[in-house]
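Structure, as structure tokens:
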Amino acid sequence: MLFDDFVAGGDFAPADLTITPDDIAHLAFTGGTTGVSKGVRVLHRNVVANATQMIGWRAGSLVHEGGDGRVVLTPLDGAGDRGVEPGNAATIVVSPLFHAHALINMSFLLMCGATQVLAGRFDPARMLELVEKHRATYITGSPAMWHSLAFHPDVATRDVSSVRVLSSGAAPIDRVTLEALSAAFPSSRVVEGYGLTEATCLVASAPLTGGADYRIGSVGVPAYDTEIEIRDLTDPTIVMPAGERGALWVRGPQVTDGYLGHPGITAKQYVDGWLDTGDIAYTDGDGYVFICDRAKDMLIYKGYNVYPRELEEILVRHPAVSEAAVVGRDAGSVGQEPVAFVVPARGHDVDADELSAFVAEQVLPYKKIRDVIVVDGLPTSAAGKIQKVELRRRVATAPRV
């Protein structure tokens, strides 16, 4: 049946199917930002579990089954401040619907009775117009989207006072954008969350309880029924103590069933119920999680680990830089050296030597930027993630300065 016929009220007979919790609900494809995109087998129980976790962790509501088989939500005190009070909430959906950032968040918000406004292709001016028109209360998005909104001139003239929560995910958000977003949406709390396709959607998020301590740079603490371990990068049997960086492993009901057609990779990343996320992270003494970088993005220069995200955070603090991404360039026997792609801030020119010196003043010598490439924009996926595979290709083929 065609969709137009369905909404017009045409005859529709649902198939007589028996669905079990372990059946595949959908195939979700990884972003391909560090390699080839792979199809992830997301089971029905994964979707239900993750949506339920979000209702508890993000919406502050208890979930239970009613006597007639319905799902019933009971909001706890203060749930209305989270922007997802059942029957009194609205969101603007920007991410593509095939991506977990939209698909699972929509499931969670629909169960909370939130109005869903489909924005279509992202345009910052149009987005701000929709926020004002529909009195949006809870919005999720990627750092690239938030950057565009926070620095758009219309943000000063639109009424965005209805927004209570802005949730950033899909990629790490830099502190400059985070602070600008807080200033642009003064009635809202900005929270950063962490998730990945292999774990359906959400793994961890900053708490939204009134007295919770939001820690800049942290993606919060694990959601309900979720365990994490920081393991040694070379020996995954060793669990690292708080404060020590290592590989982030996750276990919980949202961990999916592996990759379609890739049994070898599945066996390597899915071990005894645990998922190797491929991210490097550490926890503090209170269990807050801090993502350092993708394991595939980390560089090794003269035997030292170099984390691109650390350098990107410094680069965007320079007044001439709007956005930045750092990748490695082959440097022969010494490993890889950091190369920066930067987008100039409006009305500014980037002086490559001055910018390199700006970074060098704040890092140890082995972390220094070895080259600066000025670009009009960074390549991003449909979900807003920077395509570092493309940037590495450009570095490999570009002449050295």
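The values are calculated or read from the model by the stated rules, or taken from the named source; none is laboratory data. For clarity, every value in this text was computed on a predicted model and none was experimentally measured. Using ideal geometry, Cβ is built from the backbone for each residue, glycine included, and neighbour counts are taken over all protein chains shown.
Points worth noting:
- Segments classed as strands (runs of 3 or more DSSP E), wholly inside region 3-70, with at least 1 members that are modelled with pLDDT under 75: none
- In the set (1) among the hydrophobic types (A, V, I, L, M, F, W, C); (2) within 20 Å of residue 166 (Cβ to Cβ); (3) at pLDDT below 80, residue 103 fails one condition alone, (3).
- Strands (runs of 3 or more DSSP E) contained entirely in region 298-401, each with at least 2 residues that are within 21 Å of residue 176 (Cβ to Cβ): 321-330, 336-344, 371-374
- Considering 219, 255, the condition of being surrounded by 14 or more Cβ atoms within 10 Å (Cβ to Cβ), in contact with a helix residue (DSSP H, G or I) (Cβ under 9 Å, 6 or more places away or on another chain), under 30 Å from residue 189 (Cα atoms) and of a type outside the set (Phe, Trp, Tyr) is satisfied by 255 alone.
- Within region 104-150, the set of residues being buried (at least 23 other Cβ atoms within 10 Å of the Cβ) and either part of a strand (DSSP E or B) or among the basic types (Lys, Arg) (or both) comprises 138, 139, 140, 141.
Yes/no matrix, rows are residues, columns are (1) among the hydroxyl-bearing types (Ser, Thr, Tyr); (2) in the same structural domain as residue 326 (by TED's automatic domain parsing); (3) within 17 Å of the chain's Cα centre (by Cα):
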position: 150; (1), (2), (3): no, no, no
position: 153; (1), (2), (3): no, no, no
position: 156; (1), (2), (3): no, no, no
position: 160; (1), (2), (3): no, no, no
position: 181; (1), (2), (3): no, no, yes
position: 188; (1), (2), (3): yes, no, no
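- Tallying residues that are in contact with a Phe, Trp or Tyr (Cβ under 8 Å, 6 or more places away or on another chain) and assigned to a strand (DSSP E or B) within region 191-204 yields 4.
- Which listed residue is among the aliphatic types (A, V, I, L, M) and farther than 18 Å from residue 323 by Cβ, from 199, 171: 199
- Yes/no for residue 336 being surrounded by fewer than 15 Cβ atoms within 10 Å (Cβ to Cβ), within 29 Å of the chain's Cα centre (by Cα) and closer than 18 Å to residue 309 by Cβ: no
- Flag if residue 376 is closer than 30 Å to residue 102 by Cβ and touching a helix residue (DSSP H, G or I) at 6+ places or on another chain (Cβ under 6 Å): no
- Within region 86-100, considering residues that are crowded, with 21+ Cβ neighbours inside 10 Å and assigned to a loop (DSSP other than H, G, I, E, B), the one modelled with the highest pLDDT: 89
- Of everything listed in (1) under 30 Å from residue 386 (Cα atoms); (2) assigned to a helix (DSSP H, G or I), the single unmet condition for residue 81 is (1).
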